Protein chains: 2
Amino acid sequence: MTNELKSTEALILDAARTIFIRKGFAASRMQEIADAAGINKSLLHYYFRSKEQLFEAVFSRALENFIPRVKNIIEAELPLDQKISRFVETYIDTLLQNPYLPAFVIHELNMNPGKFAGRLKNAGLKPEIILQNIEEETGREAFLKVRPDHFMVNLLGLVIFPFIARPVVQEVLQKTDEQYKTFLMERKEQIIQFVMNAITKT
Amino acid sequence: MTNELKSTEALILDAARTIFIRKGFAASRMQEIADAAGINKSLLHYYFRSKEQLFEAVFSRALENFIPRVKNIIEAELPLDQKISRFVETYIDTLLQNPYLPAFVIHELNMNPGKFAGRLKNAGLKPEIILQNIEEETGREAFLKVRPDHFMVNLLGLVIFPFIARPVVQEVLQKTDEQYKTFLMERKEQIIQFVMNAITKT
DNA sequence: GTCTATATCGGGATAGAC
DNA sequence: GTCTATCCCGATATAGAC
């Protein structure tokens with residue numbers, strides 16, 4: 001409806017994003033993207049040269065949008081418990097807006113593992129510092145010392161898994177779409193509680 | 001090397017399994033499968049009629065192999081803590097043998113959500129019973145009462161996520177392949193500890 | 001059952017008019 | 001910049017000989 005206001009390039013990128021994220025690179029068709037953008041197939045090539053390059057543009061933007069949000073939370077000067085809460089809440093809120101994003105990114109990285117190399121550093125994410133940070137902040141005060149690498153993966157798994165594995169999980173739990181959305185929102189509180197229990201000294 | 005001993009059909013299924021799991025349905029090529037099986041392309045059609053049907057055969061077998069293992073553990077008559085330990089250990093051991101399986105299954109289900117409907121029940125998995133089971137066993141003795149649906153997802157996420165998201169996680173943690181394998185094995189102990197802390201009354 | 005040859009079609013990419 | 005027409009390859013699938 002507001003298509004007339006967007007540049008053709010933006011139109012293409014939006015359409016490509018939708019199609020690529022839903023179907024993955026291999027199953028997506030240039031024709032389908034053109035249709036979704038309301039333009040001609042050859043315009044895709046005019047703007048992006050090839051399917052690979054169009055995909056690359058979509059993929060890069062998806063990451064560039066996402067990484068800074070994570071970065072902000074992680075670098076915030078907050079005590080551990082508040083940092084965990086903010087991380088979980090912000091992450092889940094963001095994924096609720098982009099529910100298909102993690103499965104997309106992960107699948108494409110699995111298809112082409114090298115694709116990721118270097119992108120994190122380019123975006124200014126410093127894994128060493130995050131891990132060191134966790135190491136320092138656990139083991140203090142009321143918290144158990146934890147292995148920072150495992151802790152990081154635990155947190156990510158708890159948050160991201162129900163988005164990636166939605167079809168299976170929704171089937172297993174026998175929830176409607178509406179109920180599943182509620183379930184995902186509940187997880188903010190549930191994960192925070194679960195994690196805090198796990199790392200709080202008895 | 002022992003190819004001469006296997007039936008052609010088994011040869012095809014093994015090859016198709018490898019290719020489909022590594023590349024997904026859309027990116028896999030019949031020619032590639034034929035090459036991997038050491039046979040002619042048209043033999044694939046002779047045995048399985050079409051690419052979809054070959055895929056279906058592979059996918060079904062992958063699930064049929066996997067589900068019974070989970071079923072066994074879940075139905076075992078054990079106290080909660082032992083059940084959790086066995087579940088985590090067996091699940092991770094199985095995934096270490098089939099590291100690409102979860103990403104494959106999850107991606108194909110995301111592409112085609114309906115595909116899963118009914119398969120669980122056919123395989124004899126009763127989600128209601130599992131959930132009820134968790135509900136009964138937590139809240140007793142030394143354990144906190146937990147929401148069984150969230151608890152189930154927590155457990156699955158902790159176990160499966162580092163397999164699905166391996167490229168990202170390995171990059172973030174800056175581990176070599178060897179170190180990552182070690183990391184995955186360590187997770188058995190780490191997850192069990194983490195989860196037990198999380199649900200044990202203080 | 002297994003192979004070679006071929007039909008058929010879909011899809012990425014280009015040429016060229018407007 | 002945008003469209004129509006077309007090229008051309010790759011991939012699924014079939015026909016038919018052995």
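A few notes on this one:
- In the range A:142-178, the residues that are part of a loop (DSSP other than H, G, I, E, B), at negative phi and either modelled with pLDDT under 95 or more than 7 Å from chain B (Cβ to nearest Cβ) (or both): A:ALA142, A:LEU144, A:LYS145, A:VAL146, A:LYS175, A:THR176
- Every pair of residues 6+ apart whose Cβ atoms lie under 9 Å, when the first sits in the range A:38-60 and is within 14 Å of chain B (Cβ to nearest Cβ) and under 15 Å from A:ARG17 (Cα atoms) while the second is within 16 Å of DNA strand D (Cβ to nearest atom) and among the aliphatic types (A, V, I, L, M): A:LYS51/A:MET30; A:LYS51/A:ILE33; A:LYS51/A:LEU44; A:PHE55/A:ALA16
- In the range A:1-28, the residue that is farthest from the chain's Cα centre (by Cα) out of those that are within 13 Å of DNA strand D (Cβ to nearest atom) and of a type outside the set (A, V, I, L, M, F, W, C) is A:GLU4.
- Residue ID - farthest from A:PHE87 (Cα to Cα), chosen from residues in the range A:179-201 that are of a type in the set (Phe, Trp, Tyr) and within 10 Å of chain B (Cβ to nearest Cβ): A:PHE183
- Only one entry in A:GLN170, A:GLN179, A:GLN193 is over 23 Å from B:PHE183 (Cα atoms), out of contact with any helix residue (DSSP H, G or I) (no Cβ under 7 Å at 6 or more places or on another chain) and surrounded by 14 or more Cβ atoms within 10 Å (Cβ to Cβ), namely A:GLN193.
- Search result, residues across the range A:187-202 that are in contact (Cβ under 8 Å) with a residue 60 or more places away in the chain and of a type in the set (Asp, Glu): none
The values are calculated or read from the model by the stated rules, or taken from the named source; none is laboratory data. No experiment lies behind these values; they were computed from the predicted model shown. Neighbour counts run over all protein chains shown; Cβ positions are idealised from the backbone, glycine included.
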